[in-house]
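Inspection log for the structure reproduced underneath, given as structure tokens.
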Amino acid sequence: MNHRTRTFVAALALASVTLVAGCSDEGDPVSFGGPSAAPSDRTPSRPAATGSPTAPAGPRTLMPTGPKADFTVANTLDDDTKIAVTTLRGEKSGFTGKVWVWAPKQYFDPKYANSGFPVLIALPGGNGYPNNYWMGTDLKLQSSISTWSREGKSLPFIVVMPVLNPDDRYYYDGSDIPGQPKMGTWMTEDVPDFVRANFRTFDSRDGWAFMGSSSGAFVGLKSVLQHPDKFKAVIASGPDTVPDSPLWSGHASERQANNPEHLARLLAAKPGGKASDVYLAFQIGTRESGMKNLKSFMRNYTKGPVKTRLQVIEDGGHNARSYIRGMGDGSIAWISAQMQGPIPAP
């Protein structure tokens with residue numbers, strides 16, 4: 001996706017953000033403490049939640065490590081779950097930015113009090129600054145996940161929505177570009193550390209995935225390929241497959257180290273196996289460009305530990321609403337089947 005198209009996507013993003021001025025508790029403090037329970041050290045033998053896809057057993061629950069963030073309500077869904085926001089000061093990146101979070105109703109159910117939940121880091125298209133448009137209720141990401149989890153199509157993910165870039169001037173490609181804010185460290189270290197501090201999660205990559213549109217899809221795709229030990233899957237909708245920030249000028253070797261095509265080539269050459277497989281769920285609409293490039297990427301790199309799937313969205317465009325439709329048509333079920341679900345108490 002070139003920068004002109006990304007700018008168009010950014011305009012759509014700004015138009016789609018729901019500020020919910022009518023939400024009576026907007027700005028009020030909110031907690032994600034969940035039900036009270038003692039930590040459990042058992043390794044579950046059957047990790048599937050009721051109505052959710054199954055996944056291999058193994059990961060243990062990590063209780064929140066703290067320190068707890070100060071959250072305030074940004075939006076309220078029809079089921080009374082809250083999308084909240086806080087400001088994160090990244091200890092490893094040195095970058096400070098907003099992060100929005102949402103936990104599904106199952107997270108507050110006492111039967112899951114000793115269980116971790118899978119995490120979906122949701123990234124917007126465009127600049128993704130100062131807002132992440134997935135925090136609005138108009139695109140229905142969170143309410144769709146609620147519906148899909150009841151229908152057995154999706155795991156009940158915790159959704160985490162960090163800002164994508166440090167400003168609205170450039171694209172930083174979710175990378176540590178020399179001399180620039182360390183957005184790669186922010187996205188793959190500070191944000192997950194923040195989630196572990198505040199939520200019940202799992203101790204392996206089986207509980208961690210990305211999803212994103214356009215420029216956010218690039219960052220999610222790159223992050224999974226660059227850190228297959230930390231993240232297992234991504235839903236990448238209308239993505240670029242090479243870095244194209246102008247800030248890479250003069251930094252060719254660093255750019256290559258953040259190039260999904262290069263990273264996929266290296267990973268595809270390794271032996272596959274459950275401990276290293278990554279799952280790349282691509283999505284593209286029939287009314288947008290890029291189909292040829294995505295099919296070429298899949299043809300070249302789907303081997304060894306690199307598993308891919310393409311969701312073609314009929315009459316879909318380069319926009320978030322089309323991508324939500326594609327997720328419901330198959331992408332969210334595919335990555336959910338590979339991941340760890342919450343474990344109900346016996």
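Each reported figure results from applying straightforward, stated rules to the coordinates on display, with no laboratory input. Worth saying up front: this structure is predicted, and the values here are computed from it rather than measured. We place every Cβ from the backbone using ideal geometry, glycine too, and count neighbours over all the protein chains shown.
Per-residue packing, averaged as other Cβ atoms within 10 Å, sorts the ranges 244-250, 259-265, 68-74 into the order 259-265, 68-74, 244-250, beginning with the highest.
Computed about the Cα centre, the dipole magnitude for segment 260-302 is approximately 120 debye when only Lys and Arg (+1) and Asp and Glu (-1) carry charge, each at its Cβ. Spin-label pair THR96-ARG169: with each label point 7 Å from Cα along the Cα-Cβ axis, the two points sit 1.9 nm from one another. Within segment 184-243, the percentage of alpha carbon pairs spaced more than 13 angstrom apart rounds to 59%.
In this simple spin-label approximation, ALA345 and SER289 carry label points 7 Å from Cα along the Cα→Cβ vector, and these lie 5.7 nm apart. Short-range pairs are left out: with C-alpha atoms under 8 Å and at least six residues apart, the relative contact order of segment 171-252 is 31 percent. If you take every residue apart from GLY136 with its C-beta less than 15 Å away from the C-beta of GLY136, what net charge results, scoring Lys and Arg +1 and Asp and Glu -1? After counting each charged neighbour, the total is +1. Each principal axis of the Cα atoms in segment 65-180 has its own extent, and those three values, largest first, are 48, 31, 24 angstrom.
How charged is the neighbourhood of LYS270? Take every other residue with its Cβ under 11 Å from the Cβ of LYS270, and add Lys/Arg as +1 and Asp/Glu as -1.
+1
Cross-link pairs exceeding 26 Å between alpha carbons, from the set LYS105/LYS274; LYS82/LYS274; LYS270/LYS295: LYS105/LYS274; LYS82/LYS274.
Ordering PRO192, PRO342, GLN106 by Cα displacement along the dipole of the chain toward the positive end leaves PRO342 in first place; charges were set at the Cβ atoms of Lys, Arg (+1) and Asp, Glu (-1). Working note: Cα atoms of segment 136-192, range along each principal axis, descending, whole Å: 47, 23, 13.
What the Kirkwood sum gives for the chain is a hydrodynamic radius of 19.9 Å, with every pair of different alpha carbons counted.
3J(HN,Hα) couplings calculated from phi for segment 77-94 with the Karplus curve 6.51 cos²θ - 1.76 cosθ + 1.60 (θ = phi - 60°) are, in sequence order, 7, 4, 8, 6, 6, 10, 8, 10, 9, 8, 9, 9, 9, x, 5, 8, 8, x Hz; Gly and Pro show x. The order of the peptides 287-298, 326-337 by mean Cβ neighbours within 10 Å, most packed first, is 326-337, 287-298.
Listed from fewest to most Cβ neighbours within 10 Å, the set TYR171, TYR129, TYR301 follows the order TYR129, TYR301, TYR171. Once Rh is set to the Kirkwood radius over Cα pairs, what Stokes-Einstein translational diffusion coefficient, in µm²/s, holds for segment 261-306 at a temperature of 25 °C and a viscosity of 0.890 mPa s? Roughly 214 µm²/s, to the nearest whole number. Beta bridges per DSSP, both residues in the chain: antiparallel share near 40 percent.
The order of SER276, SER253, SER93, going from fewest to most other C-beta atoms within 10 Å of their C-beta, is SER253, SER276, SER93. Along segment 163-176 the Karplus relation, 6.51 cos²θ - 1.76 cosθ + 1.60 evaluated at θ = phi - 60°, assigns HN-Hα couplings of 5, 8, 10, x, 6, 9, 9, 9, 9, 9, 6, x, 9, 8 Hz to successive residues, with x for each Gly and Pro. 3J(HN,Hα) couplings calculated from phi for segment 143-154 with the Karplus curve 6.51 cos²θ - 1.76 cosθ + 1.60 (θ = phi - 60°) are, in sequence order, 5, 5, 4, 4, 5, 4, 5, 5, 7, x, 7, 9 Hz; Gly and Pro show x.
Between rounded, prolate and oblate, where does segment 53-117 land on the alpha carbon gyration tensor, with a ≥ b ≥ c its root eigenvalues, rounded for a/c under 1.5, else prolate if a/b exceeds b/c? Each step should come with its number before you reach the end.
Working: a/c = 2.26, a/b = 1.27, b/c = 1.79.
Cα axes put segment 53-117 in the oblate bin.
Note down the magnitude of the dipole of the chain about its Cα centre, charges +1 on Lys and Arg C-beta and -1 on Asp and Glu C-beta and zero elsewhere, to the nearest 20 debye.
With only Lys, Arg, Asp and Glu charged at Cβ, the dipole is about 1060 debye.
Expressed in nm to one decimal, what extension gain is obtained for the pair ASP229 and LYS274 from 0.36 nm per residue of sequence separation less their Cα-Cα distance? 15.1 nm is the gain from fully extending ASP229 to LYS274.
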